[in-house]
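Report on one structure; see the data block that follows.
What follows draws every value from the coordinates through simple rules; no lab data is involved. Remember, it's a predicted structure, so these values are computed and weren't measured experimentally. Cβ atoms come from the backbone with ideal geometry, glycine included; neighbour counts cover every protein chain shown.
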């Protein structure tokens, strides 16, 4: 039988066809891609031009030609939108068609071309070595697989641990929790550590403010005593085997004592082998760095005349002084604030990194709120009569990262940073409310009207409960949750200087006239109370399961932090004190009216 | 057939007790919402019928008539019907997930039609080999169509890539069993083509896959398809499997390069140079190692279970809810809005997530063990000496596409 | 040779695809892609001005669904809801509870401490010790009573179903239908698209009604004539935002209006002639989508807001003038 | 050759086991409590995807995530709940003053809502589904201020009824679920609950 067209020609023709169709299919493919991207990017009504005009329209409503303009643009935009949709649809049809032609051509070429049976020696080679190679590669695949999955697991692990865990969580979490338990503090440290590390991670990859700056981990911080009332500012120290008995007069268990040149009611802070505190009078402001080993003053930085420092002195009372605010450190820099609003950052050798003045505080007793660090942010509570605010400065540069104004009266309390289970909250207390802020952004998380008067004590926190107290007001226990609410309140024993401290389900309130009360944190019923019959200004600290209360005459009253009243010891300093102790491992640093004492077991 | 799509208008039967609407004086009547419904169940059964017919037809063509042309025609039909008309969404491959979800997570019962789609090909394969892959599966048929310049790959590559489907299958079952998601459907490259509509990512995905498909024949079937794993098992022990030659093989070697899928086994009569005893020892060692492989898998599975769980939407939500995400400057993430609206407390969510992760721990351990086993067996298989006198299809990997038959000069007398 | 290259290339492609699948599966962050069709609610809910009030501890009634609040003489707070009425003092301490079946949709209090409680379709009178004084017969099957107001002689009942305000004697005798569409007396009639329809008596003794379909507050005389009206729709702080606002309103002792809105949840204070004065609480104080913020004001100027979404009675105290 | 026979037998045995396995799975799926055959929760028939408007938060993903363009999810107007407002917050941008159908005032990005006069002061709003892209902007507006009579629904003739709905996978509110094909729609406000 004779063919109409000889194969050669047919094949040539088919080749052409396939070429052409191939070209077209590529073309259509490209076009589809382009239009697709266009389509996905645009919402018809939100072309940049129209949005611009819209804004203009808000300024001049009912300007006819403006409206006309918008409508035209809008119409065009919609047209464009629908045409591009149409284009894609038709485009894909065409693409398919051309592909079909291509395939048909090639297939038929394949059919027409006479197939010569080929018997070339297969490249497969001997089965045995072939099998050997296969064997090897399967093994390789296995190893690769395991290693890949392990790396994957490793890299995503921390992030996955960041899940909030608090309250009665099933065992899967709680196990990991115990393993990380460092201390008897109420809120699971594991939770805070984990969520913090995870936040670091999330922060660094979402490039949040200060993400570039490094700062110590929670564990490091908790080995030290970097701010007023401990790492979190809530009166909890994480050190173990702390001394209980000493005697300043006889020098028993006193490792060293050192006179501090200038007076100041601020408390010492500790980082590794160094202690920092400040002193000031009307015209001199100094920060001191002492060697923890021997009490030698390693350096003292003179901050008397910094740029922008106000000429006139703030009016302060003798009970507050010019240096009531305790310093803080992030292990890289030390930050100090004085009663006239002078704020400075020093390096560990006493070099001044930056200074600024926050404006003379309008505060009739004198500014006394202490500083605290959140990651690389220096957080300052600046409640003055007329304008309350809280702000965060970048530790490295002193640039303001955020500032949130607070509708409060002037206060003397200090900020507290606690992890409430799935986030770290910045807790401030001042008339009329206790408020919580996101330390990263300054966004107010919640507030609750429950405190009044001239608030001096800072808040305490344990197990999802925040405790705030003030004289002539009340003791309020706030239970957090979706909406924080007042759990219970009491007004029998109130303090106007010492801050309360809470641990697990116990709350300890020390009144300024010297009564120690232990409450049940959940119900508010009193477990026990003890009259020291000496006034107390220093804030109590709980360390190693004991509560340390230093009265104004310098006697440290130490009780078990427990439901039942158990006196551990009473040790006197031989010098009056109103400052809060700082704890190092096996040591306590106490600032008396004139000296700094180091107590060692 | 397309016009068989029935549309029912539900009249406003639903009793509406609500805030009274404005009374109109102009005699305006409130229109009724028209709520048309899906195509009826009968059509689903019709699909099953079509599947059955197509399967038996292909089987007949391959085993009795040995006609490649017929198979080709059927493949065109199934591309047209299962592909472009049914939009590739009556799919045996996907049915794996419905079945495993129904098996493991209680509150889902698999529709009978889906079950039918899952079973029929398996049973057919158990009897006659992978005739489903040959031409009935639209995906296979489509790839067969575009395999224009199939190149042969080294046996080691086949072995190496041959592992992937097992992983895919394991993951798919894991996610379906935990009611997390349908992995196979999510990354199904071909529905996009059949629908002429896909997200841009999938569009590129399928484009590139087709490109590979030109040179590597049936890349999806061989190196991804999870259903292929099951079919492979079935086919290995099939009752009647197609053969290259209709009668006695004459060792003409014409079919050596006939198979674009490297599924032809060459004759093997020589003894292993390494010696029989050595081989037996190797075998024994491997068999002893098998438990270790499995435990290795279990261990690894336990390690990555959190990573795997991260895909689950609830777990993802728990991450999103971390305060680091909720800053006030950027617009709020919808997940958070929805969560707040849902009235579930964070604690409840955490408890739920913990449960899910626990399920995943168990699941991924089993998954790991399974993969370990697969490795072990694959290695053992590579030790065993085959003894073959003829050129025969590898019953596991052969798609029964009948391509090789045309190469065989032998005719049945 | 060419073959091997092709193979290698296509293999690389294959692996790239698988890699993409894995990446998309484990690293994909669908939640971060922004919504091109955002309605812009967040922007609308941002208020430019600071509230002139600060919030105190909310009262949490035991009632299931609280709907309405009223203040009585000697500074009692009455909260009505599903299955009863609870009475509180200013300290938020529960004084007593009246229980009855059905949902009390609104409440008003007479000087002699008699409670006027609007049920779904009728009105009941109770005395404060929990004894039912009387229960009037249902007005109409389609009635939806959303608010009651009472002065010395009359009880006014707002019926969102009938879109009318009824005037009753204290004994429950219906005297008049107020606010019916009447072009001759140029009364436009009430348009009530959704069941939010509030009435209140001003300290001056005038009857005010919220005509939510027209975004206005309207003042009616004893004879049912329309005396005055003010209000206009606007998303900005001065106006009433969108449909069915103001959803509720009440009066301060000095005769200022306190209004609440849904959609953009906010509580605001207007002067007697409808000039915007101050913001009590902005949207950020409420959950998005909170409907029906019923209002009441105490003699000392506190503003009580029913928050159905949190089922709390929110209390706002005026900040001292600076 | 008995070696061959042993092979044969082995194959037969394994074939039997495989078959048995399949049979087991099937049996379990069919006959277990609530299985495909004897179950009381009528799920054994084909299922379709359903959007629960009471969960929906109008995140706009129905428009962007559906495998079809435009999406198979459309805005549905439950007329019997509509207040027929003159100022419809689902139609007009917030703060619109003089109410005409000018493009600069419309919420809908694709002009899919038709506003027609009924009588003073009532207007009827109807959705042109051929235009609607299911973005839910109007739904947001209507729900926030009005009765919420505008609701998103999966329009089933358009829906491909994927084995796994890609919107469902990305729905932040988990508003999608498989339901029996027998009653595919769910509109908020029908039945007991008042708006």
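Can you tell me the mean projection area, over all orientations, of the convex hull of chain B's alpha carbons? Units nm², please. Show your work: numbers first, answer last.
Numbers: hull surface 115.8 nm².
One quarter of the hull surface, i.e. the mean projection, equals 28.9 nm².
Hey, with R₀ at 41 Å, roughly what FRET efficiency would residue D:114 and residue C:33 work out to, going by the Cβ-Cβ distance, to 0.05? Each step should come with its number before you reach the end.
Working: r = 31 Å, r/R0 = 0.75.
That gives a FRET efficiency of 0.85.
Let me check I have the definition right: for chain A, take the eigenvalues of the Cα gyration tensor, multiply each by 5, take square roots. What are those semi-axes in whole Å, largest first? Working shown, then result.
Numbers: eigenvalues 940, 225, 112 Å².
Working from the Cα gyration tensor, I get semi-axes of 69, 34, 24 Å.
If I model a spin label at residue A:284 and residue B:389 as a point 7 Å from the Cα along the Cα→Cβ vector, what separation in nanometres do I get?
For residue A:284 paired with residue B:389, the spin-label model returns 11.3 nm.
If you count, for every residue in C:93-104, the Cβ atoms of partner chains within 10 Å of its Cβ, what is the mean? Can you show the working numbers first?
On the way: counts 0, 0, 0, 0, 0, 0, 0, 0, 0, 0, 0, 0.
Other-chain Cβ atoms within 10 Å of each residue's Cβ, averaged: 0.
Counting pairs of Cα atoms in the range C:50-318, how many percent are more than 34 Å apart? Could the numbers behind the result be given before it?
On the way: 3584 of 36046 pairs.
The calculated P(r) of the range C:50-318 puts 10 percent of pairs beyond 34 Å.
Sort out for me the Cα centre separation of the range B:351-383 from the range A:513-528, rounded to whole Å.
The distance from the Cα centre of the range B:351-383 to that of the range A:513-528 comes to 54 Å.
Give me the inter-chain shielding for A:141-150: mean count of other chain Cβ atoms within 10 Å, whole number please. Kindly include the intermediate steps, with their values, before the conclusion.
Working: counts 9, 11, 0, 2, 8, 10, 1, 3, 11, 4.
Partner-chain Cβ atoms within 10 Å, mean over residues of A:141-150: 6.
Report the Cα centroid-to-centroid distance between the range C:71-118 and the range B:128-203 in angstrom, as an integer.
Taking the Cα centre of each part, the range C:71-118 and the range B:128-203 sit 68 Å apart.
Expressed as a whole percent, how much of the Cα-Cα distance distribution for the range A:213-361 exceeds 17 Å?
Values: 7046 of 11026 pairs.
Percentage above 17 Å: 64.
Once you order the gyration tensor axes a ≥ b ≥ c over the Cα atoms, which shape class does the protein assembly as shown get: rounded for a/c under 1.5, otherwise prolate or oblate by comparing a/b with b/c? Can you show the working numbers first?
Numbers: a/c = 2.36, a/b = 1.38, b/c = 1.70.
Since a/c reaches 1.5 but b/c is at least a/b, the shape of the protein assembly as shown is classed as oblate.
Which order do A:556, A:567 fall in if you start with the one that has the fewest other Cβ atoms within 10 Å?
On the way: A:556 25, A:567 10.
Starting with the residue having the fewest Cβ neighbours, the order is A:567, A:556.
How would you rank D:167-173, B:130-136, B:47-53, highest first, on the average number of other Cβ atoms within 10 Å across their residues? Before the final figure, lay out each step's value.
On the way: D:167-173: 21.9, B:130-136: 30.7, B:47-53: 16.1.
Output ranking for D:167-173, B:130-136, B:47-53: B:130-136, D:167-173, B:47-53.
Residue B:211 versus residue A:219, label points 7 Å from Cα toward the beta carbon: distance in nm?
The answer from the label model is 4.8 nm.
Count, for each residue of C:236-248, the Cβ atoms from other chains sitting within 10 Å of its Cβ, then give me the mean as a whole number.
4
Between B:97, B:34, B:87, where does the largest GNM mean-square fluctuation fall for chain B, given springs only between Cα atoms within less than 10 Å?
Checking each option, the largest mean-square fluctuation is seen for B:34.
Using only the alpha-carbon atoms, how far is helix A:127-161 inclined from the longest principal axis of chain A? Give it as 0 to 90 degrees, nearest 10.
Relative to chain A, helix A:127-161 is tipped by roughly 40 degrees.
Taking Cα centroids, how far is the range A:456-506 from the range C:171-209 in Å?
Between the Cα centre of the range A:456-506 and that of the range C:171-209, the gap is 50 Å.
With the Cα gyration tensor of the range A:438-557 giving a ≥ b ≥ c as the square roots of its eigenvalues, does the rule (a/c under 1.5 for rounded; else a/b larger than b/c for prolate; else oblate) give rounded, prolate or oblate?
Details: a/c = 1.67, a/b = 1.62, b/c = 1.04.
Taking the square roots of the gyration eigenvalues as a ≥ b ≥ c, the range A:438-557 is prolate.
Helix A:189-206 sits at what angle to the longest principal axis of chain A, using alpha carbons and giving 0 to 90 degrees rounded to 10?
Result, in degrees: 50.
Using per-residue counts of other Cβ atoms within 10 Å, averaged over each peptide, order D:58-64, C:265-271, C:70-76 from highest down. Spell out each step's value before the answer.
Details: D:58-64: 25.7, C:265-271: 22.6, C:70-76: 16.0.
Highest to lowest by the protection proxy: D:58-64, C:265-271, C:70-76.
Please give the peptides B:251-260, B:271-280 ranked by average Cβ packing (other Cβ atoms within 10 Å per residue), highest first, as a rough proxy for protection. Intermediate values should be presented prior to the final figure.
Details: B:251-260: 18.6, B:271-280: 11.2.
The most tightly packed comes first, giving B:251-260, B:271-280.
For a Förster distance of 60 Å, can you work out the FRET efficiency between the beta-carbons of residue C:238 and residue A:319, rounded to the nearest 0.05? Kindly include the intermediate steps, with their values, before the conclusion.
On the way: r = 50 Å, r/R0 = 0.83.
For residue C:238 and residue A:319, the calculated efficiency is 0.75.
With axes computed from alpha carbons, what is the tilt in degrees of helix B:276-309 against the longest principal axis of chain B, rounded to the nearest 10 within 0 to 90?
The angle comes out at about 10 degrees.
Using a Förster radius of 25 Å, what is the FRET efficiency between residue B:377 and residue D:4 based on their Cβ-Cβ separation? Nearest 0.05, please. It would help to have the intermediate numbers written out before the result.
Working: r = 23 Å, r/R0 = 0.92.
E between residue B:377 and residue D:4, to the nearest 0.05, is 0.60.
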